[in-house]
Structure formats: C-alpha cells, structure tokens
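J.: One structure, as structure tokens, below. Some questions next.
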Amino acid sequence: MTVLHNGRSIVSIPIEPGPHSRRFENTMSYIRETPFDENDFPTLKLIKEDYGFIPNFFKVQTARPDLLDAEVQLVDAILIKEGALTRQQKEYIFLVCSAANLSTYCVTAHCEIIRMLKIEGPEPEQIALDHMSTDLPIVEKALLNFALKLNNHPLKIDRGDIDDLRTYGFDDQHILEAVMCVGLAKFANCVGFGLGTVPDFHSQLDLEKSKAATI
C-alpha cells in the first residue's frame, strides 16, 4: 500500500501478513525486564483474549500491577467502550494525535488494531499522516481537526472551536469524549517514549520523514 499526499508517494507500507505484522521478540524497553507469569495478571490475560497477544506497552509496566490495572480500566472506559462516539471515531482520534506526536509505537499498534477490528475506511496509515486527503466525511474530518488542534495547540482552543463542532451535530457528550481521547493519546505517547517501548509490529512508516514531507 502506498500512502499519498497531494498526489505523491510519501511512504510505501506492506499491508499483507508478513514483515508488516510480525511482532518483535527482543528487548521491550529501556527499563529492566522482569520475567512474569501472565496467569498472575488477570488484566493482561483479558488483553490477550481481545488482541491475541499482550502489547509490549503493557508488559513493561508489570512492576506495578496496581498502576497497570488502573491504566487498562482507563483505556477501556475512554477508548474501547462505545459511548457518544463510535470506536472508529475514537481510534481515529487516537491515531492522528499519536502521529502528530511522532509516536511510532502507538501509531503502529493502532493501525494494526484498526485492521483487527475490521474497521472499514481509508488505510489507517493514510489517516495518521494526512486525514484531510482521505475520503472521510467532512463531519469526521472536522472532529479530527479539532482533536489535532487540541493536541498541538491546546492554549488556542476556545469556545468557538466547541461551537464549530456543534454545527456538525456533535453534542456535549461527543465533545467530552473527544477531549478525553486526545488526553489518552498524549498519556500513552508519553509513557511509550519514557519507557522506550519497542513496537510490537514491524513498520516501514517513518513518522518524522513522512510528516516533514507533508509540509
């Protein structure tokens, strides 16, 4: 699959099973890895049942099971459970914000999660790099534009941005969930950077080069 911006190729990414979807089995992070039995972590077992594997992002946090459990509950409440926003909308918010923050780990993981969920729409990598060039409905683009503004320029958000969302049919619950999704992406990106979490999947997506090419 070739990701395009303004009609030109930015990066080519294989989408068939193979190098694109093989998981890394080497060192997971900067911090010392302690062997653990997943049977001692009910939360990790649930994650494995959902995704078929335990992401490195969660594995590297097993030194504090209490924090891990709280974090997974937060992810479940904000991202996984459908509320006013659909899972698709929330995954897209998480994706564009993670790409803006240059989080290769989160972008790679959530591109694969979107495929695992069989969410129909543009290639997730294209949404991550330049959602405005996709065929997403204008309503969805407006939501992602708001999310990116909040992510990149939070001090520039004002009541006018909220009123604009309302003109597209979003109510207070939609807006609240969108804001929470942006915050969750920021949190996850920061944790991934701080721990040096290695991506679970190989990817040819270079966010720094790809984002520079869109400027």
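J.: Considering only segment 26-42, how many residues are within 20 Å of the chain's Cα centre (by Cα) and among the polar types (S, T, N, Q)?
T.: 1
J.: May I pose another question? Mind checking which residues of segment 139-153 are touching a residue at least 24 places away in the same chain (Cβ under 8 Å) and either under 19 Å from residue 86 (Cα atoms) or of a type outside the set (A, V, I, L, M) (or both)?
T.: If the condition is that a residue be touching a residue at least 24 places away in the same chain (Cβ under 8 Å) and either under 19 Å from residue 86 (Cα atoms) or of a type outside the set (A, V, I, L, M) (or both), then 139, 140, 142, 143, 144, 146, 147, 148, 151, 152 are the ones that fit.
J.: Read through the list (1) closer than 22 Å to residue 42 by Cβ; (2) without any contact (Cβ under 8 Å) to a residue 12 or more places away in the chain; (3) of a type in the set (Lys, Arg), then give the number of the only condition that residue 59 fails.
T.: If we test residue 59 against (1) closer than 22 Å to residue 42 by Cβ; (2) without any contact (Cβ under 8 Å) to a residue 12 or more places away in the chain; (3) of a type in the set (Lys, Arg), just (2) comes out false.
J.: Working carefully through the options 208, 112, find the one that is part of a helix (DSSP H, G or I), loosely packed, with under 12 Cβ neighbours inside 10 Å and at pLDDT below 95.
T.: Answer to the selection: 208.
J.: Out of all the residues in segment 183-198, which are of a type in the set (A, V, I, L, M) and buried (at least 23 other Cβ atoms within 10 Å of the Cβ)?
T.: Selection gives 185, 188.
J.: In addition: Just the residues that are charged (D, E, K, R) and either surrounded by fewer than 18 Cβ atoms within 10 Å (Cβ to Cβ) or not in a helix (DSSP H, G or I) (or both), please, taken from segment 142-177.
T.: Selection gives 149, 156, 158, 159, 161, 163, 164, 166, 171, 172.
J.: Next up: Among residues belonging to segment 63-85 that are more than 14 Å from residue 42 (Cβ to Cβ), surrounded by 15 or more Cβ atoms within 10 Å (Cβ to Cβ) and of a type in the set (Val, Ile, Thr), point out the one that is modelled with the highest pLDDT.
T.: Across segment 63-85, the extreme among qualifying residues is 78.
The values are calculated or read from the model by the stated rules, or taken from the named source; none is laboratory data. The shown structure was predicted, so the numbers you read here are calculated from the model rather than taken from an experiment. Cβ: placed from backbone, ideal geometry, glycine included. Neighbour counts: every protein chain shown.
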